[in-house]
1. Go over the candidates Y415, Y409 one by one and state the one that is touching a helix residue (DSSP H, G or I) at 6+ places or on another chain (Cβ under 8 Å), modelled with pLDDT under 80 and either surrounded by 12 or more Cβ atoms within 10 Å (Cβ to Cβ) or of a type in the set (S, T, N, Q) (or both).
2. Specify which of the listed residues (D134, D145, D196, D160) is among the acidic types (D, E) and modelled with pLDDT under 95.
3. Could you list, in sequence order, the residues of the range 11-32 that are touching a helix residue (DSSP H, G or I) at 6+ places or on another chain (Cβ under 6 Å) and either under 17 Å from H276 (Cβ atoms) or in a helix (DSSP H, G or I) (or both)?
4. Only residues in the range 458-474 that are more than 20 Å from D407 (Cβ to Cβ) count as the first member; pair them with residues that are of a type in the set (G, A, S) and loosely packed, with under 14 Cβ neighbours inside 10 Å, Cβ under 7 angstrom, at least 6 apart or cross-chain, and list the lot.
5. Which of the residues that make up the range 101-125 are out of contact with any helix residue (DSSP H, G or I) (no Cβ under 9 Å at 6 or more places or on another chain), surrounded by 19 or more Cβ atoms within 10 Å (Cβ to Cβ) and modelled with pLDDT under 95?
6. Tell me which helices (runs of 4 or more DSSP H) are completely within the range 156-226 and hold 2 or more residues being without any contact (Cβ under 8 Å) to a residue 40 or more places away in the chain and surrounded by fewer than 18 Cβ atoms within 10 Å (Cβ to Cβ), or say none if there are none.
7. Inside the range 309-342, can you point out the residues that are part of a loop (DSSP other than H, G, I, E, B) and in contact with a helix residue (DSSP H, G or I) (Cβ under 7 Å, 6 or more places away or on another chain)?
8. What's the total number of residues in the range 98-147 that are of a type in the set (V, I, T) and under 16 Å from P86 (Cα atoms)?
Amino acid sequence: MEKPSAPQRNRRIGFYYFPDSLHYRQVDLQTWLPELRRLDAAWLALLAPPERAIPEDFLSDLLSAGIQPALHFTFNQDLNQPFQPPDLGALRLLLHHYARWGVRYVVFYDRPNCRRHWAPSAWLQSDLVERFLDMFLPLARLAQDEGLTPVFPPLAPGGDFWDLSFLRLALRGLQRRRASRLLEELVLSAEAWTGDHPLDWGAGGLQRWPEARPYQASPGIEDHRGFHIYEWYLDVCQQELGVKLPLLLLRVGERIMAATSDEPAQAKRLAHARQHLEMAQRLINDPQMENAVPEEVLGGCFWLLAAQPSHPAYAQAWLPAEAEPLPVVGAFRQWVEYNWGSDRASIEAAETEAVDAPTESAGVEEAVDSSPESVEEEIAEPIAHATGESASEVKEPEASTLHSRIDHYVLLPLYAWGVADWDLSLIQPLLQHAHPTIGFSLAEARLARRVTVVGGPGAISAEALAMLRAAGCQVERLMEDGTLVAT
């Protein structure tokens, strides 16, 4: 069967790294750089401490791998505390080195439209946006002087100060201050959270939804608080400046919350995987396609790559420390391999240059195996039902690098366009009565005592099924009527 043509490759997929600045060691790089390559990352948002530099080796290796770092200076270690003014002398030195090392984009501050980031007295004063520009402008000009591109900080969608109004007033303030040089180089950023809305919520922007009002939810009227937030921000730019500035989606996706009693955790995680695949598809597709992300958007950094168990965002991490990866990871790996597996030569060449050093404990070893050899094995894992490659080419994962054996794994097929609605509805009764691990990875499925295969004949190849049985798995197929049949 001939493989369908791959979508146009537009490398705009990125990730927000750890929600702290503690993972910039060489051992962290050895762990995460192979994984970022497997996910085809082109961007990586990094929290940048104002008192010390992220190591040059860490940044240069990212850049050598074709990954553009976006350094995010929040200037408050605890993001729930008021902004702390930076030492301009120390910051100038940092920016000078970052520019010399090849960094291009720096983001200053975070969510200035939220009350919690301001001292109570400062928040209650008038001209909040103007006072923020007093803080932002010197830093942006400092970055420009060092040859860097300043990025206007992400605003909380909605926020305590309506973000569209904040952005509009900020652009007017920059024009009034005659910051023409800055406006020629400035990049905007936005947070594209889906929330409880469908993916196309707010599509069309201000032109389609002129009746949208701040803090007012009207029946039949959609607003900007969804994945399509970029359209609304670009519309504000067009109205205020006459042009659309470049924009970086700094935090993208749906933040997984606790499952309700009638919606199992695995079902939420599976829906999370499917939704993120569709967002990625829109990021890389031709701009002429319906609802594809326009060219003004430089990239989208999915929230969140990794986190430590003590962090509040731990449950939202794709590759949480000391826990199994979310299903979206396996889905992304196979999606990248299916669409651009022929581009692996450059990846393989880069991997051979990796330093084969023992990985120290970084709190993530069990989530990602960092050795170059095992990374090659994972990259080489075929998607038999999609690519037509032989499942016998799948390498045997080392037991020491994987989690303890899984009791029950539901193996879903991943098609070029994502996950089939029929497959998702078919497994719902199974989720209600059991709590299996759900995913798309043949390598993970081989670790399970019992494997339930979903999809019609040919979705999972006979050779792959034979490999599961050879690995000692009890293999069964979920039929269209919901019955389970041993294979």
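1. Details: Y409 fails: modelled with pLDDT under 80.
Every option except Y415 fails the conditions.
2. D196 is the lone residue from the list that is among the acidic types (D, E) and modelled with pLDDT under 95.
3. Within the range 11-32, R12, I13, L29 meet the criteria.
4. E463/S390; E463/S392
5. none
6. 180-185, 205-208
7. The answer is W318, L319, P320, L326.
8. Qualifying residue count for the region: 2.
The values are calculated or read from the model by the stated rules, or taken from the named source; none is laboratory data. Just so you know, these numbers come straight off a predicted model, no measurement behind them. Note that each Cβ is placed from the backbone with ideal geometry, even for glycine, and that neighbours are counted across all protein chains shown.
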